[in-house]
Each structure stands twice: as structure tokens, then as C-alpha cells.
Amino acid sequence: MPNKPPYGLLLIAGNLTHQENYARALAADPRCRLIGLTDEADIPPRRAELNRMLAEELGIPLLPDLAAALARDDVQIVSVCAEPERRGRIAAQCARAGKHLYIDKPLGTTVEEARHVVTAVNDARVTSHLFSLVHIPTAYRAKEIVESGRLGDLSAIHYELMFAKGIAGTADLTRPRQEKAVADRFTFVDSKRELFCVGWYPLIFFPWLTGRRVTSVYATTSNYFFAEHQNNNVEDFSCLLLELEGGLIATVTCGRTGWSSHPSHGFHKIHLVGEADSVDLDAYEPRLEIHNDAPAWRQPAVGHPEDPMGFWSSTQTAGGVEPKTDWLPIQPAVADDAVSFLDCLQQGRPSDVPVALGAHAVEVILASYQSAAQGQPVTIPLED
């Protein structure tokens, strides 16, 4: 497949997915042009309607036949945002059709389907890329510090990521939850498994930063904030203790803590510890803090009926979620995730977050649920 732009972009899945953001980010780059939106034939009526809505918003055709859309010669890239339970098989189908992949996270819901995508991508020799947070200034700064040698040998990393979305304070703290070793469902209209969703970011960051994979995990999951998560028997908070190759230790605290828990999007900090020095990095430093006599920011009294957690851009707007303006980040300009992916295509180099890395993250996440259920560490065998 030619690596010269412009690249024809096919979308899979529409509104109430991250496609709302990915499609616009990719299409904003002059190297991309939208071709259409498609999906599997047997999707529920509401998913079909949401797909039609985004296609109309973007002014592109809705293509009813997934296989026919993938066979088009004017399609070079597919942005896959189908639900996690469908994502792996669709991504593999796109790879087998010879298309480059920009995939929502996580890669899938089982280790087997994630590895199947890796095989399909390798066999087709296409470029694959999964969305992550490694292309933000804080991640670049962490890599710069580690590679400078300032810390000496790296001995430990802590990653704290708490999303400030949703109306918190509704969980019943007298009802502790027991984790299950095997998860049978990951996403609901009103909640998600937050280790599965938020934990993805540090679990991609660690091997991206160090080149080392996770060899064991000791995890705990809990419910502190949302009745929606409790009612669906899924966690809103998790802690992980990880060992990486070479004995490097990493820890994670991640979850969702509610709109009113933070002046901006939530706690996002990285702590690097080396033999010679240590450093703390905050995604919101440096920042401009604004203090005035304007009314304080208020969360909506009631969440959007189809998205009470504020997962999606469109429903945040429709649900009356106003932007927070007390903290304004001051960061150097770096390439965002979509730009980085297109750079890889144009330059003919592999992505730094390919499906192989994503498959490893899926394996660690699922091992974490097993660990939390059993109350003991779980070893993760490393594939060659």
C-alpha cells in the first residue's frame, strides 16, 4: 500500500464512541480525507442510528457493507471504534483487507482475540496504532529525563491517573465488592470497568518508556464513588503493583473520581525514581490558574441519560457540562496522537504503540482482575 498522502480514511462506529474525537482529529490533518462510515451488518438499531448521526455531522456517506467498504481502493486507513467486545475481530478483518489501523483502546476483551489481531497485522504487514497518552508533553518529558541519565538506573515508577468525570458520591461504602477473576462484560451505558479503560494508559506508558514488559501484577479493585459502577458490578478505582523485566517496580492508582474532584480533567502524575535522583511530573504543571469573582464551576444536577459519566464529547455538550476554566495548561507544543500515527505512515516507520504492545496491555489488565479476585500476585508469561 502506498505511503504517500492523502490517505483515504474509513470510520467504523459513530457517535457515543471516541470516534467523535478520532475522526475529527485525523480529518483535521491535510494528509487525511474522509471516505465514509461503516460497521457490521447485525449491529443494534441504536448503534446504527448513532453511526448515521456522525456520518451526517461529518458530511460523509454511510456505507452499509463492511466488507465492500474495506475492499475500496480509495481507503488506506481505518479508524476502529467499535465496542471493545467487537473491536478485536473487526480490527483483524481490517488488517486482512490490507488497511492501516488506528484503533481505540483497549485492543479487545480477551488475550486470544488480541493476539489474533497481532497475527493479522503481521501477516498483512500494515501499520497499527492504538490511542494512548504517550504523545502528551508529560510523557515526552519523562522519556527525556530517563534517557538523559539524570536519574541513574531507573528503579521505580508510579503513575496516578484519575478521571474527573461523572457525578460522584452516590456509592454505598457499606457494600464492599468482590472482584471476579474473569470479566464477562466491560462497558455499559452508564459505566465502564475503569481499570480496563483508565488503567490502559499507564500500562502502555511503562513499556513505551522503558522497553520492558510486565512480568507480574498484584492488584486490588474497589468502589468508592459511583452507584452506577456498583449497580453494574464494575470497579471505579484500582491499585496495581507491577514488576517489569529486569526487576523494575511500577505502581498505578487509576479510576474515575467525579467532575467536582479536580479543577481540570483529573489527577495525572508520574513519579520516576532512580538510583541517583527522582522526579515528579504533573500533566497540569506548568499551568495558569485563574481566580476571579465569576460563579464557581458546577457539575450538572443530573447526568445525560445515555451518558451520565460524561464519556463522550457530544453528550457532555447536550448534558450541560460546561468547560472548566480555572486551570489552563502551559505546555510546549508536541505532536498529538493522530499526527504521530500519520507521521509513521508517511515516513514508513512502525508506530510506537502497535497492536503487539496493546495485546500485552490487555493481558496485564486481565491478569490484574485475576489477581484482585484471588488476593495474590499473578505471573504474566512473556511471548517471544
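The values are calculated or read from the model by the stated rules, or taken from the named source; none is laboratory data. For clarity, every value in this text was computed on a predicted model and none was experimentally measured. So basically every Cβ, Gly included, is an ideal-geometry build from the backbone, and we count neighbours across all protein chains shown. Surface areas here come from the heavy atoms of the whole protein model, side chains and all, with no ligands, DNA or RNA. Shrake-Rupley method; radii C 1.70, N 1.55, O 1.52, S 1.80 Å.
Among the residues making up the stretch 99-154, those that are open to solvent by less than 30 Å² (accessible area, probe 1.4 Å), assigned to a helix (DSSP H, G or I), closer than 26 Å to Ala69 by Cβ and of a type in the set (Gly, Ala, Ser) are Ala114, Ala120.
Tallying residues that are within 13 Å of Leu10 (Cβ to Cβ), within 26 Å of the chain's Cα centre (by Cα) and open to solvent by 10 Å² or more (accessible area, probe 1.4 Å) within the stretch 63-88 yields 2.
Close Cβ contacts (under 6 Å, 6 or more residues apart or on different chains) running from residues in the stretch 79-95 that are in contact (Cβ under 8 Å) with a residue 24 or more places away in the chain to residues that are charged (D, E, K, R) comprise Cys81/Asp104; Gly88/Glu113.
Please work out which one of (1) within 20 Å of Glu228 (Cβ to Cβ); (2) open to solvent by less than 70 Å² (accessible area, probe 1.4 Å) is the condition Pro305 fails and give its number. It fails just one condition, (2). Taking the listed residues Tyr224, Tyr201, Tyr218, the one that is open to solvent by 10 Å² or more (accessible area, probe 1.4 Å), of a type in the set (Phe, Trp, Tyr) and within 18 Å of His271 (Cβ to Cβ) is Tyr201, with no other qualifying. Scan the stretch 45-88 for residues that are under 13 Å from Leu34 (Cβ atoms) and in contact with a helix residue (DSSP H, G or I) (Cβ under 6 Å, 6 or more places away or on another chain) and jot them down. Scanning the stretch 45-88 gives Leu62, Leu63, Val78, Ser79. Of everything in the stretch 194-236 that's of a type in the set (Asp, Glu) and assigned to a helix (DSSP H, G or I), which residue is nearest to the chain's Cα centre (by Cα)? Result: Glu194. Among residues of the stretch 30-51 being open to solvent by 80 Å² or more (accessible area, probe 1.4 Å) and basic (Lys, Arg), the one that is farthest from Ser79 (Cα to Cα) is Arg46.
Could you please let me know if Val321 is touching a residue at least 24 places away in the same chain (Cβ under 8 Å), of a type in the set (A, V, I, L, M, F, W, C) and in a loop (DSSP other than H, G, I, E, B)?
Working: touching a residue at least 24 places away in the same chain (Cβ under 8 Å): yes; of a type in the set (A, V, I, L, M, F, W, C): yes; in a loop (DSSP other than H, G, I, E, B): yes.
It is true that Val321 is touching a residue at least 24 places away in the same chain (Cβ under 8 Å), of a type in the set (A, V, I, L, M, F, W, C) and in a loop (DSSP other than H, G, I, E, B).
Within 19 Å of Lys192 (Cα to Cα) and either open to solvent by 10 Å² or more (accessible area, probe 1.4 Å) or in contact with a strand residue (DSSP E or B) (Cβ under 6 Å, 6 or more places away or on another chain) (or both): does that describe Gly358? So Gly358 passes the test. I'd like to know if the stretch 350-358 contains one or more residues that are under 26 Å from Leu50 (Cβ atoms), at pLDDT 90 or above, of a type in the set (S, T, N, Q) and in contact with a Ser or Thr (Cβ under 7 Å, 6 or more places away or on another chain). No, because not a single residue in the stretch 350-358 is under 26 Å from Leu50 (Cβ atoms), at pLDDT 90 or above, of a type in the set (S, T, N, Q) and in contact with a Ser or Thr (Cβ under 7 Å, 6 or more places away or on another chain). Of the candidates Asp293, Asp343, the single residue that is among the charged types (D, E, K, R), at pLDDT 90 or above and part of a loop (DSSP other than H, G, I, E, B) is Asp293.
With Leu281, Leu288 as the choices, which residue is assigned to a strand (DSSP E or B), open to solvent by less than 60 Å² (accessible area, probe 1.4 Å) and touching a residue at least 40 places away in the same chain (Cβ under 8 Å)? If you could, list the steps in order and put the result at the bottom.
Values: Leu288 fails: open to solvent by less than 60 Å² (accessible area, probe 1.4 Å).
Answer to the check: Leu281.
For first residues located in the stretch 231-255 and touching a residue at least 40 places away in the same chain (Cβ under 8 Å), partners that are open to solvent by less than 40 Å² (accessible area, probe 1.4 Å) and acidic (Asp, Glu) and lie 6+ apart or on another chain with Cβ distances below 6 Å form the pairs Glu235/Glu194; Asp236/Glu194; Gly255/Glu194; Gly255/Asp236.
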